[in-house]
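Written out below as structure tokens is the structure these notes cover.
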Amino acid sequence: MSKEITSRSTDYSQWYNDLVIKGGLADYSAVRGCMVIKPYGFALWENMRDALDKMFKDTGHVNAYFPLFVPKSLFEAEEKNAEGFAKECAVVTHYRLKTDPNKKGALIVDPEAKLEEELVVRPTSEAIIWNTYKNWIQSYRDLPILINQWANVVRWEMRTRLFLRTAEFLWQEGHTAHATREEAIAEAETMLGVYADFVENWMALPVIKGLKSESERFAGAEITYCIEAMMQDGKALQAGTSHFLGQNFAKAFDVKFSDKDNKLDYVWATSWGVSTRLIGALVMAHSDDEGLILPPRIAPWQVVIIPIYRGEEQKAQLDGKIKELIQQLKSAGVRVKYDDNDNARPGWKFAEYEMKGVPVRVAIGLRDLENNTVELARRDTREKFTVPIDGLANRIVNLLDEVQQSIFNKAKAFRDSHITRVDSWDEFVKVLEEKGGFVSAFWDGTEEAEAAIKEKTKATIRCIPLNNPKEEGKCVLTGKPATQRVLFAQAY
RNA sequence: CGGGAGGUAGUUCAGCCCGGUAGAAUACGUGGUUUGGGACCACGGGGUCGCAGGUUCGAAUCCUGUCCUCCCGACCA
């Protein structure tokens, strides 16, 4: 079997697609823009989901589930939100099919089964959730509400890409309700911190925390916080967002509460989400021309063991030692795959698990059995070394940590070397064209300048970094006075 | 939504221009030799050629229509 991967230098997009398909994460489907997440890809998602879920619960949140469908009248209640999403909504208009009288075996939409009110397939759940919160909140004693849901959403995107932008995707969305503005803002900031923590420490992907400019803000939000990551081709990718929604949704859905002094006020809101898009970020940021490189903490398999033998007899000799090793690794909390499939030879397996990005490989043969050794190989650097079998589990646990750290360091070095400070328009254009990455430049704060820059260079303001130092300068485009640098980049 | 490519075996594709018994590689099954970086031999199973019409003695191939996917672009909280 030849599973050649297109190299990054030949065709970066094709390289990415090859990794996803040939690495076994996902497949195309018969539905435009929708993918099948295969078991290996889903196991990766499950690990990410489990880690995040624990972090949400540790910060006081609980899970719930709200309907997939949103009645149109609810959807349109918060005007800006509705407007922002209107052009990419799937809409249910009928509830029944019937057999086609003109064509045997075919079905048509039954015109008599038209819904009185159309149902919008959720592109996000603020509307249905705030409509529900209205019933749950009367007093400050009912607050805060700290709910998260794991769900699928649909956004009818014009152009889709595996994981990065699919018509249907899996995500989590947190929706919280608070008694004060300050508390809600603190919540949005806390969750941004949770995301940054997760993406950096679990996915080994360094991010920049920041604020979105007004034009990039979530529809219906007052503040959108984001984490931005850098891909290997120099394009930025929004890895997560956390929104302070003010009282917009409370007003749209008439959600009021009595405070301690029995005064009525609207409830303050946040929402925050990350999606399967993170998998796309992971693939693009770490992998190489040999295949995926997965960080140990979320890799479905952290270690693969490959036996090398001639004939059943030798296999039997190895098996005892390997079973013992698997047991040790498992009790050390390591996710281990033992591939003793006889159909494929070792070389084939080596290549296959490199493609799948398994962080550490253990090869063990008769030679090792005699010497009391194994061959260890790490995926990220492709280094191999022969080590004693005694104390192997411990050594592997340490190696996994090292790999995790090393992948992060590499991504961080790349990211840091792709933040360029520029002070002139010529430089700005040149850096974006030739080098890519983030460009740190002064911006006069106007939407006009932002739009003009996008028009000329395709670069958008990815974020205004948190704790950005105030500086005196001149807007890189207009030359008008500016008070701070912001990060521009072309983005996915 | 504009432009491009494509739909034939599980997969990748050839065949189509010039109509005449559906092919290759790979994967799969059986047997054997192999096994420390993508093994080899032999035999074998597997396809209403996206769908619907039409032309023809005869259509994967020509004509018309239609559906779907992918890529590039515009769009993208």
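Worth a mention:
- Across segment A:26-39, the qualifying residues are those that are closer than 18 Å to A:LYS356 by Cβ and in contact with a strand residue (DSSP E or B) (Cβ under 7 Å, 6 or more places away or on another chain), and the one among them that is least open to solvent (accessible area, probe 1.4 Å) is A:ALA26.
- Hits in segment A:195-214 - residues which are in contact with a strand residue (DSSP E or B) (Cβ under 8 Å, 6 or more places away or on another chain) and within 15 Å of RNA strand B (Cβ to nearest atom): A:TYR195, A:GLY210, A:LEU211, A:LYS212, A:SER213
- Only a single criterion out of (1) in contact (Cβ under 8 Å) with a residue 24 or more places away in the chain; (2) at positive phi; (3) of a type outside the set (A, V, I, L, M, F, W, C) is not satisfied by A:ASN262, namely (1).
- Being modelled with pLDDT under 95 and either within 13 Å of RNA strand B (Cβ to nearest atom) or of a type in the set (A, V, I, L, M) (or both) is a property that holds for A:ARG159.
- Listed by first and then second residue, the pairs linking a residue in segment A:72-99 that is within 16 Å of A:PHE218 (Cβ to Cβ) to a residue that is hydroxyl-bearing (Ser, Thr, Tyr) and within 11 Å of RNA strand B (Cβ to nearest atom), with Cβ atoms under 8 Å apart and 6 or more places separating them unless they lie on different chains, are A:ASN81/A:THR124; A:PHE85/A:THR124.
- Against the list (1) among the polar types (S, T, N, Q); (2) without any contact (Cβ under 8 Å) to a residue 24 or more places away in the chain; (3) out of contact with any Asp or Glu (no Cβ under 9 Å at 6 or more places or on another chain), the condition A:THR420 fails is (3).
- Among (1) farther than 19 Å from A:VAL274 by Cβ; (2) assigned by TED's automatic domain parsing to the domain that holds A:ALA186 - the single one A:GLU46 does not satisfy: (1)
- The single condition among (1) open to solvent by less than 30 Å² (accessible area, probe 1.4 Å); (2) in a loop (DSSP other than H, G, I, E, B) that A:ARG159 does not meet is (1).
- Helices (runs of 4 or more DSSP H) contained entirely in segment A:1-112, each with at least 1 residues that are of a type in the set (Ser, Thr, Tyr): A:12-22, A:39-58, A:72-75
- Scanning segment A:136-156 for residues that are within 16 Å of RNA strand B (Cβ to nearest atom) and either more than 23 Å from A:PHE56 (Cα to Cα) or not assigned by TED's automatic domain parsing to the domain that holds A:SER29 (or both) returns A:VAL154, A:ARG155, A:TRP156.
- Exactly one residue out of A:LEU294, A:LEU325, A:LEU318, A:LEU282 is touching a residue at least 24 places away in the same chain (Cβ under 8 Å), more than 14 Å from RNA strand B (Cβ to nearest atom) and part of a helix (DSSP H, G or I), and it is A:LEU282.
This table checks each residue for (1) open to solvent by less than 50 Å² (accessible area, probe 1.4 Å); (2) aromatic (Phe, Trp, Tyr); (3) in contact with a helix residue (DSSP H, G or I) (Cβ under 9 Å, 6 or more places away or on another chain); (4) not assigned by TED's automatic domain parsing to the domain that holds A:ALA393.
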{"residue": "A:ARG297", "(1), (2), (3), (4)": "no, no, yes, yes"}
{"residue": "A:GLU313", "(1), (2), (3), (4)": "no, no, no, no"}
{"residue": "A:LEU325", "(1), (2), (3), (4)": "yes, no, yes, no"}
{"residue": "A:VAL336", "(1), (2), (3), (4)": "yes, no, yes, no"}
{"residue": "A:ASN343", "(1), (2), (3), (4)": "no, no, no, no"}
{"residue": "A:GLU352", "(1), (2), (3), (4)": "yes, no, no, no"}
{"residue": "A:ILE364", "(1), (2), (3), (4)": "yes, no, yes, no"}
{"residue": "A:ASN371", "(1), (2), (3), (4)": "no, no, no, no"}
{"residue": "A:LEU376", "(1), (2), (3), (4)": "yes, no, yes, no"}
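The values are calculated or read from the model by the stated rules, or taken from the named source; none is laboratory data. In this text, all values refer to a predicted model and were calculated from it rather than measured experimentally. A quick note on method: Cβ atoms are made from the backbone with ideal geometry, for glycine too, and the neighbour counts reach across all protein chains shown. Side chains are part of the model used for accessible areas, which takes the heavy atoms of the whole protein and leaves out ligands, DNA and RNA. Shrake-Rupley method; radii C 1.70, N 1.55, O 1.52, S 1.80 Å.
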